[in-house]
Amino acid sequence: MRAIWKGAVSFGLVSIGVKVYSATEEKDIRFHQVHRDDGGRIRYKRTCSVCGEEVTYDDIAKGYDIGGGEMVILTDDDFADLPLTTSKAIDVLEFVPAEQVDPILYNKAYFLEPEGTATKPYVLLRDALADSERVAIVKVALRQREQLATLRVREGVLLLNTMLWPDEVRTPAFGFLDEDLKVRPPELAMASSLIDSMAGQFEPDAFTDDYRAALQEVIDAKIEGREVVQPEEEEAAPAAAVDLMAALKASVERARVARGEAPTAEGAAEPTPITSARSAQQAAKAAKTAKATKAPAKKAAEKKAPAKKAEPIKKPTKKAAEKKAAKAPAKKPAEKKAAPRKTA
């Protein structure tokens, strides 16, 4: 890394020499404007709109438009005479709790490295700042502009976060803020349940720039002269449910399934447009499988049909037996058959 600024952190009567480095960098893929036919770079000339001559950087000054076609011209000497007391210093103004600083004010981040013999006071300020659980509010001039900033500790290094001035933050003025919109308690409870089901720990490395990766693949393919493999099309998102509660319930069920949890009985019994649309493809696959195995399964079921269980024999009661005996006609005693005569 290359230092972009050198100065000192002014901490009371203590001065700590530091070097300032950019803590972040953009990973966006940059392109040049070229001529489509021959690939030649497109160049722009700095020309004067009055005389039409090409102007070098040394002849360029800054102009402030005051309206009516009039312009006030400022040179480097005019900027040099400005009273920037923080041109070479980072002045610590006060220490405040970090949660009192609205994140919308943060702009850019810079690492501070101790310079020369300033290592010991640098470490002293770092440890004291970490123990206080506060951030330092400072003023610093970077690139001829005085800025408000915070000083905090990150991974053992002092981190300088430049901030916007309060008057640089716009006030939201939208029509719905004046409308009397009321949220029903069940809707609020369901939304809270959705937030709880999607809660987790933030791990920055788990997120990637898929568009940049795909664009880099296209560039690499162009360089190597091969065809680009088109990525698989993602399943189209289902249409949003008209009912807000139905959409919230479906979202909760989807979040639970994504986390490996079983869907609730309520969610399973009351399918919504979202859950129905997401499960349509799975249902089609299941139908194909069932159709392929339906015929043989039916035949096997006919062959292996279990025999019907015999109904248990009911024993007649004593009264029923007596009644049946009274109704039945009496049987005549059987006549004895005469024994056959023996012949001589």
Taking region 131-147 and keeping only residues that are over 20 Å from TYR21 (Cβ atoms) and of a type in the set (A, V, I, L, M, F, W, C), one is left with ILE137
Does ASP81 satisfy being open to solvent by 90 Å² or more (accessible area, probe 1.4 Å), within 30 Å of GLU26 (Cα to Cα), of a type in the set (Asp, Glu) and free of Cβ contacts under 8 Å to residues at least 24 places away in the same chain?
no
Would you check if there is a residue in region 214-236 being at pLDDT 60 or above, closer than 27 Å to ARG184 by Cα and not in a helix (DSSP H, G or I)?
no
Would you be able to say whether some residue in region 94-116 is open to solvent by 40 Å² or more (accessible area, probe 1.4 Å), over 22 Å from TRP165 (Cβ atoms) and part of a helix (DSSP H, G or I)?
no
Which one of ALA136, ALA130 is at pLDDT 95 or above, over 29 Å from the mean Cα position of the chain (by Cα), of a type outside the set (Lys, Arg) and surrounded by 10 or more Cβ atoms within 10 Å (Cβ to Cβ)?
ALA136
Of (1) under 30 Å from LEU82 (Cα atoms); (2) touching a helix residue (DSSP H, G or I) at 6+ places or on another chain (Cβ under 6 Å), VAL138 fails just (2)
Would you point out the residue of region 163-212, among those that are aromatic (Phe, Trp, Tyr) and not in a loop (DSSP other than H, G, I, E, B), that is farthest from VAL257 (Cα to Cα)?
PHE176
Here the residues within region 18-69 that are in a loop (DSSP other than H, G, I, E, B), without any contact (Cβ under 8 Å) to a residue 40 or more places away in the chain and among the hydroxyl-bearing types (Ser, Thr, Tyr) are TYR44, SER49, THR56
Among the residues of region 163-177, write down those that are at pLDDT 90 or above and open to solvent by 100 Å² or more (accessible area, probe 1.4 Å).
ASP167, ARG170, THR171, PHE174
Residue pairs qualifying under the 6 Å Cβ cut-off, at least six apart or on distinct chains, with the first in region 102-122 being of a type in the set (Phe, Trp, Tyr) and the second being surrounded by 14 or more Cβ atoms within 10 Å (Cβ to Cβ) and outside any strand (DSSP E or B), are TYR110/ALA23; PHE111/ALA23
Evaluate region 106-119: report whether one residue or more is among the acidic types (Asp, Glu), in contact with a Gly (Cβ under 9 Å, 6 or more places away or on another chain) and either within 19 Å of ALA23 (Cα to Cα) or modelled with pLDDT of 95 or more (or both).
yes
Can you tell me which residue within region 43-65, out of those that are open to solvent by 70 Å² or more (accessible area, probe 1.4 Å) and among the hydrophobic types (A, V, I, L, M, F, W, C), is nearest to ASP77 (Cα to Cα)?
ILE60
In region 139-162, what residues are in contact (Cβ under 8 Å) with a residue 24 or more places away in the chain, assigned to a loop (DSSP other than H, G, I, E, B) and either under 16 Å from LYS108 (Cα atoms) or open to solvent by 40 Å² or more (accessible area, probe 1.4 Å) (or both)?
LEU142, GLN144
Taking the condition part of a helix (DSSP H, G or I) and either under 30 Å from GLU26 (Cβ atoms) or open to solvent by less than 70 Å² (accessible area, probe 1.4 Å) (or both), does LEU125 pass?
yes
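The values are calculated or read from the model by the stated rules, or taken from the named source; none is laboratory data. Just so you know, these numbers come straight off a predicted model, no measurement behind them. Because the Cβ atoms are built from the backbone with ideal geometry, glycine has one as well, and the counts that use them run over all protein chains shown. Heavy atoms of the whole protein, side chains included, go into the accessibility calculation; ligands, DNA and RNA do not. Shrake-Rupley method; radii C 1.70, N 1.55, O 1.52, S 1.80 Å.
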